[in-house]
1. Between E262 and A223, what is the FRET efficiency for a Förster distance of 51 Å, r being their Cβ-Cβ separation, to the nearest 0.05?
2. Return the distance in nm (one decimal) between the two label points of a simple spin-label model at R278 and V244, each offset 7 Å from Cα along Cα→Cβ.
3. Any idea what log10 I(q)/I(0) is at q = 0.22 Å⁻¹ for segment 139-252, Debye with uniform C-alpha scatterers and no solvent?
4. Could you tell me how many cubic angstrom of Cα convex hull volume segment 232-297 has per residue?
5. Kindly express, to the nearest 10 degrees and within the range 0 to 90, the angle between helix 301-316's C-alpha long axis and the longest C-alpha principal axis of the chain.
6. By counting other Cβ atoms within 10 Å of each Cβ, how are D119, D253 ranked from fewest to most?
7. Return the Rg/Rh ratio of segment 11-219 with Cα-based radii and a Kirkwood Rh.
8. At a 10 angstrom cut-off on C-beta neighbours, averaged per residue, how do the peptides 288-296, 234-242 rank from highest to lowest?
Amino acid sequence: MTGSRTSTPTISVDGVSRWFGNIVAVNDVSFNIFPGITALLGPNGAGKTTLLRMVGGLGDPSDGGVRVLGDPVRRNPAIFSRIGVMTEHESVYEFLTGRELVELNARLHRVPDVMAAVDEAIELVDLAADQHRRLGGYSRGMRQRMRLAATLVHSPEVLLLDEPLSGTDPPQRLRFMEVMRRIARQGRTIVISSHILEEVETLADRIILLTAGKVAAAGEYRAIRQKLNEQPYLVRVEADQPRVLGAGLMAIDAVESVEVDEDDRLHVRSREVTELQRALPHVARDTGVRILRVEPLDDSLESLFEYLAQQQWRGRG
């Protein structure tokens, strides 16, 4: 873990809602964020971007309030110099060099020593050797890191990064994460939105799950993974005698249900994942069935969101 917990939150979101006409994008959300790295996770349409915009002072809540570094964030120009926002979509002029992009942002923020600040930001993201190349010739990962340098150039205490790892390959992702850790060790607060749990599992100190505009769960990675393990687990099994295997699996306590789809593949549902994994080869051996393929269908963040959303709706009934 990279951050240290203090008694005063850096970001405080209190009963925040945001609606657009009849569409509720964020619904009565409350949480506190402390120094370190916090991941805001949710599928598309969960309200992540809307929430980040309100935290960054770029949009008004319809209800509730947001405070950053102890102050209200909306219509408070003094706080903007302490916040860095990196949007999801690339907003760069490809004819600019990397250094020119960072320098432009430094001048917009009226940084006292522009050249020194630009040098420091570019060095932090490890792109000094490429700073004079045009952005149009950068890879996706390099662009994201140079955009990060532009976001960092005025030394903000709070960083809000909307899907910064989108479209990056594994090596680019690792380099970006290392930069994040380095910044977090300086005592800054970083909020990263993502829709992929594994993308931030080794990076974030804390994870906040959003679904349908509400907080579905919050905690360390282990707590979120436990939520995933609590949901009914679904696997698809292909075998040479599917109905024979299905009958054998129904005798196992760990199995809740077995269905055969139109392609003669088994869909096995269980809440005891480990026990199911152990029992499957034994049942196949005892019934004389040859297993051709086993594929998990539910070990994903999307399935967790769906499960948690179902629990929320049931709780309202």
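1. 0.85
2. Reported label-point gap for R278 and V244 is 2.6 nm.
3. So the normalised log intensities work out to -1.27.
4. Working: hull volume 4.6 nm³, N = 66.
Convex hull of Cα atoms, per residue: 70 Å³.
5. Taking the Cα atoms of the chain, the angle to 301-316 is about 80 degrees.
6. Working: D119 16, D253 9.
So the residues, fewest neighbours to most, are D253, D119.
7. Working: Rg = 16.7 Å, Rh = 17.4 Å.
Rg divided by Rh gives 0.96.
8. Most protected by this proxy first, the peptides run 234-242, 288-296.
Bear in mind that the values in this text are calculations on the coordinates, not laboratory data. Please read all numbers here as calculations on a predicted model, not as lab measurements. Cβ atoms come from the backbone with ideal geometry, glycine included; neighbour counts cover every protein chain shown.
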